[in-house]
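Student: After the structure tokens below, expect a handful of questions from me.
The values are calculated or read from the model by the stated rules, or taken from the named source; none is laboratory data. Note that the structure is predicted; figures quoted are calculated from it, not measured. Here the Cβ positions follow ideal geometry from the backbone for every residue, glycine too, while neighbour counts run over all protein chains shown. Accessible surface areas use protein heavy atoms only, side chains included; no ligands, DNA or RNA. Shrake-Rupley method; radii C 1.70, N 1.55, O 1.52, S 1.80 Å.
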Amino acid sequence: MAAGAAAATWRSFFFFLPRPPLLPPRLSAACSRRSSSGAAAPKDKTPKRSTFRPAASSTHDWIGPPNPLSNLRPIVFHVPENESELEKRLRHLRQETEDWNHEFWTKQNLTFGKEKEAFIISQLQAKGLTLRDEDGRRRALNSEEMAKFYKSFLDKNRTRHANYNKEWYRRNFTITLLMARVALNSMWRTITERSSSKKNT
Amino acid sequence: MYKTPCSRLSGFVGVSVKQKLIQNVPRCNQTARSLIQLHKRDPSKWLTYQHLNFLKRQYVSKNSSELQQRAILKQTPVLTIVDERDDSVERQVERIPTIEAVPQPEDVTSKAQPEISTLKSKDVAAKKGSVSRVVATSEETPHIHVESNEAKQARLDRQWKELKVDVADLPDIYARLAKIKLTALVVTTAAAGYAMAPVPFDPIMFSVSLLGTGLASCAANSINQYFEVPFDSNMNRTKNRPLVRGQISPLHAVSFALACGVPGVALLTLAVNPLTGFLGALNIFLYTCCYTPLKRLSISNTWVGAVVGAIPPVMGWTAATGCLEPGALLLGGFLYSWQFPHFNALSWNLREDYSRGGYRMMSVTHPAMCRRVALRHSLGLIGLSALAPALDVTTWTFPVVSLPINLYISYLAFRFYRRGDRGSARKLFFCSLWHLPMLLLLALTCKNHSRKQEDATPVPLSLPAH
């Protein structure tokens with residue numbers, strides 16, 4: 001009954017949305033409706049992340065500031081109470097993809113930084129210059145010289161990048177399809193709940 | 001549709017004149033900013049100034065020498081972040097620090113946090129004599145703020161946001177997702193194509209075809225952003241996009257793209273003509289499924305992107321006439337050739353970001369070719385302008401009046417070819433921004449109107465022949 005009333009209010013709210021109600025705002029709304037007590041279990045995070053815990057009454061996922069190493073924003077996923085198999089699969093896939101992405105980009109950025117340093121130092125040494133000039137500031141190479149490094153970095157990592165692309169596209173599609181299925185499922189459940197509550201009254 | 005960091009421009013004379021003004025004011029950000037604030041509310045001018053201003057902030061480095069390879073952060077608030085190739089109001093330009101070999105606790109200064117708090121925590125740190133100190137002496141990381149671990153953690157914790165869609169924000173989010181400024185540019189070139197077609201001007205068909213083109217462009221841009229989330233996170237220019245910030249989910253973005261693309265292409269096919277609808281669908285496909293993945297695989301992405309940019313004026317022409325004529329292809333040719341000086345110059349100063357992000361662009365992998373191609377196509381624009389009267393698109397006056405601007409851009413392209421430095425690349429890029437609208441406008445004023453009479457006259461002549 002309460003669920004039906006809540007569903008009705010949410011439906012009337014989304015009536016004013018400029019978009020057809022086939023979108024995940026509905027999903028998160030549905031999630032928040034079902035998790036009545038609203039307690040989100042704080043996920044245990046990998047050591048690289050900050051130890052942020054979403055508020056106890058949170059009903060949504062949380063997204064954080066960009067990680068300084070990978071520049072990707074971590075998401076803390078909200079685990080609803082009556083999580084279906086499909087939703088669990090989606091959440092695990094998203095978490096796994098996030099970790100995989102984070103690992104790739106951390107490695108990429110760190111490698112880039114290291115190799116760039118090494119390149120600059122080797123170039124300066126070849127020219128017979130010290131790393132820092134008289135004022136104590138670092139010397140930098142001009143753009144033509146740096147371009148050699150950028151080109152070699154891209155060429156060296158060509159296959160690795162291509163593999164990452166393929167994998168990323170595959171994961172992105174799978175996650176989106178799963179999200180669509182979850183959204184449709186929750187809509188179907190809402191409709192059946194509503195019709196069954198109508199039958200009861 | 002253009003490639004991601006693409007250009008913004010408006011096709012109006014008033015704006016292009018003011019653009020020239022801005023360029024001529026040497027590095028005077030103050031004037032530029034006040035001009036921008038003056039025109040902030042006018043949407044037709046809004047995109048150009050913001051864009052120019054943004055680019056000046058990104059590329060104008062404090063040292064005039066070439067030593068600086070990276071974009072320099074400005075402390076002053078930036079009014080908007082524009083994306084070309086690929087976005088809303090920002091308080092501060094952030095720079096993604098490249099990771100040093102020894103990872104130091106560098107800060108990523110946050111948008112959400114005003115400058116004051118970091119200064120405050122700096123004072124606190126100075127007083128407390130905190131544990132982790134990073135002293136930045138080099139010019140490579142000029143904006144390291146010293147703050148204690150606790151203050152930093154507290155600040156980062158405050159930046160966590162709920163992944164909840166705020167309905168009030170949706171229009172703004174959709175605008176950024178669809179790269180509304182780029183879409184406006186695409187629609188402008190399609191309008192030019194329509195206006196140049198040698199048929200009577202039909203305002204209803206004109207509006208419908210522009211609407212359809214705009215929707216198709218929104219769809220393509222949204223899908224592009226959907227594909228590129230982790231890459232966008234790692235590039236300075238694009239890290240404030242809605243999907244990167246998690247303001248909407250990927251499913252939401254795809255649904256929005258479908259909701260724009262399907263009606264857009266349907267509108268073009270049914271209300272305009274099937275040829276235009278086909279071209280619209282083809283362009284979406286080329287942009288999302290060819291150009292976007294190719295960006296990371298091969299430098300040929302630039303050529304595909306140039307075709308993507310060339311199709312909208314062709315669409316405008318076919319919307320008017322219903323068939324693919326040499327005139328349409330000529331207009332497409334203008335856009336195609338223009339892309340190269342424009343994009344090559346832009347990408348020249350983004351080489352580090354492209355390399356780190358794994359994008360294969362000519363400017364990174366084949367720098368000499370990059371400059372050569374830009375020069376070649378700038379000269380090609382002169383040739384194309386000369387071709388216009390031959391195809392009856394314009395009168396003979398067009399190549400003459402367009403010669404000055406074509407020569408100017410060729411001159412800048414030649415300088416870029418010879419020097420290959422940041423300054424010449426920047427000048428060429430800014431020139432390309434006003435060059436295209438001027439060229440289209442001149443073509444419009446020199447349009448060959450007598451073509452209609454030529455088709456009409458043979459008919460009455462044949463009647464008294466017997």
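Student: What residue, of B:Thr276, B:Thr288, B:Thr302, is open to solvent by less than 20 Å² (accessible area, probe 1.4 Å) and within 14 Å of another protein chain (Cβ to nearest Cβ)?
Tutor: Result of the check over B:Thr276, B:Thr288, B:Thr302: B:Thr288.
Student: May I pose another question? Would you be able to say whether some residue in region B:382-393 is open to solvent by 20 Å² or more (accessible area, probe 1.4 Å), under 30 Å from A:Gln108 (Cα atoms) and not in a helix (DSSP H, G or I)?
Tutor: no
Student: Checking the condition open to solvent by less than 20 Å² (accessible area, probe 1.4 Å) and among the acidic types (Asp, Glu), which residue from A:Glu83, A:Glu134, A:Glu87, A:Glu167 passes?
Tutor: Selected residue: A:Glu87, the only one of A:Glu83, A:Glu134, A:Glu87, A:Glu167 that is open to solvent by less than 20 Å² (accessible area, probe 1.4 Å) and among the acidic types (Asp, Glu).
Student: Continuing with this model, one more query. Going by the structure shown, is B:Ser209 of a type in the set (Ser, Thr, Tyr), within 23 Å of B:Leu335 (Cβ to Cβ) and not assigned by the TED database to the domain that holds B:Met362?
Tutor: yes
Student: Evaluate the following for A:Leu178: is it over 23 Å from A:Asn71 (Cβ atoms), in contact with a helix residue (DSSP H, G or I) (Cβ under 9 Å, 6 or more places away or on another chain), of a type outside the set (Lys, Arg) and within 12 Å of another protein chain (Cβ to nearest Cβ)?
Tutor: Spelling it out, A:Leu178 is indeed over 23 Å from A:Asn71 (Cβ atoms), in contact with a helix residue (DSSP H, G or I) (Cβ under 9 Å, 6 or more places away or on another chain), of a type outside the set (Lys, Arg) and within 12 Å of another protein chain (Cβ to nearest Cβ).
Student: In region B:234-255, which residues are open to solvent by 10 Å² or more (accessible area, probe 1.4 Å) and assigned to a helix (DSSP H, G or I)?
Tutor: B:Asn236, B:Arg237, B:Leu243, B:Val244, B:Arg245, B:Pro250, B:Leu251, B:Val254, B:Ser255
Student: While we're here: Restricting the search to region A:90-126, which residues are over 27 Å from A:Asn163 (Cα atoms) and open to solvent by less than 30 Å² (accessible area, probe 1.4 Å)?
Tutor: Correct list: A:Ile120, A:Leu124.
Student: Let me spell it out: the conditions are (1) open to solvent by less than 40 Å² (accessible area, probe 1.4 Å); (2) closer than 20 Å to B:Lys239 by Cβ, and A:Leu69 meets all of them except one. Which number is the exception?
Tutor: Here A:Leu69 clears every test but (1).
Student: Among the residues of region B:403-434, count how many are within 19 Å of the chain's Cα centre (by Cα), of a type in the set (A, V, I, L, M) and open to solvent by 20 Å² or more (accessible area, probe 1.4 Å).
Tutor: Within region B:403-434, residues that are within 19 Å of the chain's Cα centre (by Cα), of a type in the set (A, V, I, L, M) and open to solvent by 20 Å² or more (accessible area, probe 1.4 Å) number 0.
Student: In this structure, does B:Ala374 turn out to be more than 26 Å from A:Ala162 (Cα to Cα), within 20 Å of the chain's Cα centre (by Cα) and among the hydrophobic types (A, V, I, L, M, F, W, C)?
Tutor: Here the answer is yes, as B:Ala374 does meet what is asked.
Student: Here is a follow-up. Does A:Ala140 satisfy being within 11 Å of chain B (Cβ to nearest Cβ), more than 18 Å from A:Gln108 (Cα to Cα) and assigned to a helix (DSSP H, G or I)?
Tutor: No, not satisfied.
Student: Give region A:137-147 a look and list any residue that's more than 28 Å from B:Met361 (Cα to Cα) and open to solvent by 60 Å² or more (accessible area, probe 1.4 Å), or say none.
Tutor: A:Arg137, the sole residue that qualifies.
Student: Mind checking which residues of region B:256-273 are open to solvent by 20 Å² or more (accessible area, probe 1.4 Å), among the aliphatic types (A, V, I, L, M) and more than 8 Å from every other protein chain (Cβ to nearest Cβ)?
Tutor: B:Leu258, B:Val262, B:Val265, B:Ala266, B:Leu267, B:Leu270, B:Ala271, B:Val272
Student: Would you call B:Val208 hydrophobic (A, V, I, L, M, F, W, C), within 14 Å of chain A (Cβ to nearest Cβ), over 20 Å from the mean Cα position of the chain (by Cα) and surrounded by fewer than 24 Cβ atoms within 10 Å (Cβ to Cβ)?
Tutor: No, not satisfied.
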